[in-house]
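Structure first, then comments.
The values are calculated or read from the model by the stated rules, or taken from the named source; none is laboratory data. A quick note: this is a predicted structure, and the numbers were derived from the prediction, not measured. A quick note on method: Cβ atoms are made from the backbone with ideal geometry, for glycine too, and the neighbour counts reach across all protein chains shown.
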């Protein structure tokens with residue numbers, strides 16, 4: 001078995017069939033699909049079992065969690081079951097193009113620990129927007145980890161092929177319910193020798209208003225929990241300079257505030273996050289961030305100087321880019 005595809009699932013009855021069909025349509029045949037149900041209350045499990053029964057030639061495994069532990073816990077259960085040489089993570093509301101697994105596998109060589117492909121965003125009106133990473137070709141692990149901290153990568157689980165041996169002693173942080181993928185990816189990159197980046201689209205990410213990304217109520221903990229977890233793991237490593245940590249703090253604040261704006265969070269909900277950011281990241285820090293990531297640094301400066309203006313501008317951005325209205 002070359003690839004274990006791991007999908008956490010919770011109440012995904014409206015999307016899980018399309019995801020399973022996209023795996024069954026892969027031109028690479030040496031795979032297993034492990035669907036980990038996180039205590040769904042709808043018919044998601046029944047749908048997957050029905051699809052598996054239709055294709056006895058395919059290896060589709062359903063793992064039912066004993067508790068609702070969140071996506072990190074579900075992925076960890078999937079890793080415990082996986083037998084493939086490589087691992088790919090796919091969310092239950094997304095899909096893979098037919099050549100995704102073969103394209104990722106074709107880019108592997110003996111010195112490559114992770115292969116990263118581009119993803120395409122599918123907006124609610126069906127428009128596809130391809131999004132390759134800024135890095136291309138072979139990149140050293142420490143360089144990729146710094147780019148991750150500085151917000152220069154699409155640092156999600158989307159479109160990545162990992163050697164399963166990377167998870168021999170590593171699991172998703174189950175106490176983190178938001179940006180857990182950023183934490184895991186950065187730690188993985190830091191221990192890799194090299195990573196290969198492709199421009200080919202290997203993942204279709206669906207924008208939905210009811211998804212966790214676009215609907216979660218913002219809290220200061222969404223910013224501090226992943227930041228503290230990474231500082232505890234990598235903060236003493238001299239390969240990661242102070243500007244990388246300032247950039248990470250900026251990235252988490254900008255993304256959390258932006259998600260809250262899209263979800264229609266009130267000014268009272270957003271204000272504590274903006275105030276904490278102003279207290280912890282200086283204008284001088286943000287100038288250093290802007291030298292590496294212009295958009296993120298300028299966004300952070302605008303949040304410090306005039307958060308109402310940032311809120312207005314981001315609402316316009318979401319309407320244009322994702323075809324979503326904001327609250």
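Report those strands (runs of 3 or more DSSP E) wholly inside the range 100-170 carrying at least 3 residues which are modelled with pLDDT of 95 or more and exposed (fewer than 14 other Cβ atoms within 10 Å of the Cβ). Even if it seems obvious, please write down each step before you answer.
Numbers: elements: 114-122, 128-131, 137-140, 160-163.
Correct list: empty, since no element meets the threshold.
Working only within the range 69-92, note down all residues that are outside any helix (DSSP H, G or I) and modelled with pLDDT of 95 or more.
Passing the criteria: 82, 83, 84, 85, 86, 87, 88, 89, 90, 91, 92.
State yes or no: is residue 70 under 22 Å from the mean Cα position of the chain (by Cα) and either closer than 16 Å to residue 170 by Cβ or surrounded by fewer than 23 Cβ atoms within 10 Å (Cβ to Cβ) (or both)? It is true that residue 70 is under 22 Å from the mean Cα position of the chain (by Cα) and either closer than 16 Å to residue 170 by Cβ or surrounded by fewer than 23 Cβ atoms within 10 Å (Cβ to Cβ) (or both).
Would you be able to say whether some residue in the range 116-127 is more than 30 Å from residue 320 (Cβ to Cβ) and assigned by TED's automatic domain parsing to the domain that holds residue 198? Scanning the range 116-127 turns up no residue that is more than 30 Å from residue 320 (Cβ to Cβ) and assigned by TED's automatic domain parsing to the domain that holds residue 198. All of (1) touching a strand residue (DSSP E or B) at 6+ places or on another chain (Cβ under 6 Å); (2) buried (at least 21 other Cβ atoms within 10 Å of the Cβ); (3) in contact (Cβ under 8 Å) with a residue 60 or more places away in the chain hold for residue 36 with one exception: (3).
Just checking: which of the helices (runs of 4 or more DSSP H) contained wholly in the range 204-314 hold 3 or more residues that are surrounded by fewer than 16 Cβ atoms within 10 Å (Cβ to Cβ), in contact (Cβ under 8 Å) with a residue 40 or more places away in the chain and not assigned by TED's automatic domain parsing to the domain that holds residue 88?
On the way: elements: 212-215, 220-234, 242-263, 267-280, 283-292, 294-305.
Per the criteria, 267-280.
Among the listed residues 301, 261, identify the single one that is modelled with pLDDT of 95 or more and farther than 21 Å from residue 231 by Cβ. After applying the criteria, what remains is 301.
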